[in-house]
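The values are calculated or read from the model by the stated rules, or taken from the named source; none is laboratory data. All figures in this text were calculated on a predicted structure; none of them were measured in a lab. Glycine also receives a Cβ, built like all others from the backbone with ideal geometry; neighbour counts cover every protein chain displayed.
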Amino acid sequence: MIRKTLVSLGLAAGVAGGVLATAGSASAASFVPGGVYPSVQACSDAGNAGFPRGRWVGFYCQSLGYGQYELWVQPTY
């Protein structure tokens, strides 16, 4: 009984340690989702609108299919 409990606790600690070890921290190179748009032009316009405001330093638009595009931005940290 005690052995099973210790094995379970060890396994849980190992999983938790593995999650912490592989969790990356946010960096300036990370892109985050910024919205979904009905066309590549609308996505690009939204991406370009963030530059003068200093909201991000880079962006790209990813096709989601069915004419929708997701804006991914590289925020300033």
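Name every residue in segment 62-77 that is outside any strand (DSSP E or B) and closer than 14 Å to ALA42 by Cα, in order of residue number. Spell out the reasoning first.
Taking segment 62-77 as the starting set, the residues that turn out to be outside any strand (DSSP E or B) are 66-67, 76-77.
GLY67, the sole residue that qualifies.
Out of GLY54, GLY67, GLY35, one residue alone is at pLDDT 95 or above, surrounded by fewer than 15 Cβ atoms within 10 Å (Cβ to Cβ) and at positive phi. It is GLY35.
Taking first residues from segment 47-68 that are closer than 12 Å to GLY35 by Cα and free of Cβ contacts under 8 Å to residues at least 12 places away in the same chain and partners that are of a type in the set (Lys, Arg) and surrounded by 13 or more Cβ atoms within 10 Å (Cβ to Cβ), no Cβ contact under 6 Å between residues at least 6 apart in sequence or on separate chains turns up.
In the set ALA12, ALA21, ALA16, only one residue is modelled with pLDDT under 95, surrounded by fewer than 10 Cβ atoms within 10 Å (Cβ to Cβ) and in a helix (DSSP H, G or I); that residue is ALA21.
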